Amino acid sequence: MAIPTPFMVGRVNCYLIEDDPLTLVDTGPNSGKALDCLERELAAHGRRIEDLGRIVITHQHLDHVGLLDVLARRSGAEVVALDLLAPVIEDYGAEAERDDELAEALMLRHGITRDVVTALRAVSRSFRGWGGAATVTRRLADGEALEFAGRTLRALHRPGHSPSDTIFLDEADGTLLAGDHLLHHISSNPLISRQLGGKSGEPGDGRPRALLTYLASLRETREMEISEVLPGHGDPFGDHASLIDDRFAMHERRARKIHGLLADQPMTAHEIAQSLWGNVAVTQAYLTLSEVLGHVDMLHERGQVAEQETGGVIRFEAVR
Ligand SMILES: [Zn+2]
């Protein structure tokens, strides 16, 4: 069920699992329009919100979790999420504030001016209403099985796009509910967020290395037996291994390009983003900053860049 969102990504896919309990995977954002659309889509399957017995959440982003409280209250459904994700959903306001604090500190440290940072923080606050806090009634550990009358889904933590990304594999037929861990038509952006523990890294353990975390998650997923991927956006697809190989190659190319830029002169991450994407580096400053830092982390891991700090601002230089 493709539900409208106010975000650039367009519609978000929610899935209905016709089993016992009747289950909804992801909710859509917290808006009347999304709720109306979800009700129409459910009606097309002869169902109502009140019929839901279980709601499963793939990750913390607002387009996937925003309507959760409304749906859980109306249906009385149990709410299932990865144990590390549960507190992020339950303490939504404070968690969102902490994410914004991290984003603000990172943007200033990597060369984005105070006025842009202030403007973006206001934008982020205005987006908060698309989400909301909700209670999680069942917490799954990484690797735990979620039983239905007619199937079992294995919950696997695959952080990187967000620190809470969880995929659900039906091991009997190889169907994978992937959330935004792997999308076909666009590459999942490794947006930098606070670590939540487990494979996402321990909280407070330095700057989150979202792309490195994501690549490690993709390597794990690549080795899985999967027949069909049901993604959080766009159409279902097969041959996940080839797609993952394409993504590895794309990130490799981007890292090399950034290394080339740094060969001429040391640059801040924001300057790198501007030379790659022009004005988009300002309007989408945090997203592009996350992209650049992710690729700088790839280079850093190989000893190809070093960082220098002047007056609280970091510049990267090519080492070789
Ligand atoms: Zn999404």
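The values are calculated or read from the model by the stated rules, or taken from the named source; none is laboratory data. What you are looking at is a predicted structure, and each value in this text was computed from that prediction instead of being measured. We place every Cβ from the backbone using ideal geometry, glycine too, and count neighbours over all the protein chains shown. What goes into the accessible areas is simple: the full protein's heavy atoms, side chains included, and nothing from ligands, DNA or RNA. Shrake-Rupley method; radii C 1.70, N 1.55, O 1.52, S 1.80 Å.
The set of residues from the stretch 167-219 being under 15 Å from the mean Cα position of the chain (by Cα), within 30 Å of ASP19 (Cβ to Cβ), more than 16 Å from the ligand (Cβ to nearest atom) and part of a loop (DSSP other than H, G, I, E, B) comprises just one member, LEU196.
Scanning the stretch 189-222 for residues that are closer than 18 Å to GLY179 by Cα and among the acidic types (Asp, Glu) gives a single hit, GLU220. When the stretch 190-204 is limited to residues that are in contact with a Ser or Thr (Cβ under 9 Å, 6 or more places away or on another chain) and within 16 Å of ALA86 (Cα to Cα), the one that is most open to solvent (accessible area, probe 1.4 Å) turns out to be LYS199. Considering SER242, SER227, the condition of being touching a residue at least 40 places away in the same chain (Cβ under 8 Å) and more than 20 Å from VAL319 (Cα to Cα) is satisfied by SER227 alone. Among the residues here, GLU220 qualifies as surrounded by 13 or more Cβ atoms within 10 Å (Cβ to Cβ), touching a residue at least 40 places away in the same chain (Cβ under 8 Å), farther than 10 Å from GLY160 by Cα and acidic (Asp, Glu). Restricted to the stretch 1-80, the set of helices (runs of 4 or more DSSP H) holding at least 2 residues that are open to solvent by 10 Å² or more (accessible area, probe 1.4 Å) and away from the ligand (no atom under 16 Å from the Cβ) comprises 32-44, 68-75. Given the structure, is ALA134 closer than 24 Å to ASP63 by Cα, more than 14 Å from the ligand (Cβ to nearest atom) and assigned to a loop (DSSP other than H, G, I, E, B)? Judged against the criteria, ALA134 is a match. GLY174 falls short on exactly one of the conditions (1) open to solvent by less than 80 Å² (accessible area, probe 1.4 Å); (2) in contact (Cβ under 8 Å) with a residue 60 or more places away in the chain; (3) not acidic (Asp, Glu), and that condition is (2). Taking the stretch 253-264 as the range and being loosely packed, with under 13 Cβ neighbours inside 10 Å and at pLDDT 95 or above as the test, the residues that pass are ARG253, GLY260. Note on the stretch 1-49: residues that are at pLDDT below 95 and of a type in the set (Lys, Arg) amount to 0. Within 15 Å of the ligand (Cβ to nearest atom), surrounded by fewer than 18 Cβ atoms within 10 Å (Cβ to Cβ) and outside any loop (DSSP other than H, G, I, E, B) - does that describe any residue in the stretch 143-166? No - not one qualifying residue is present in the stretch 143-166.
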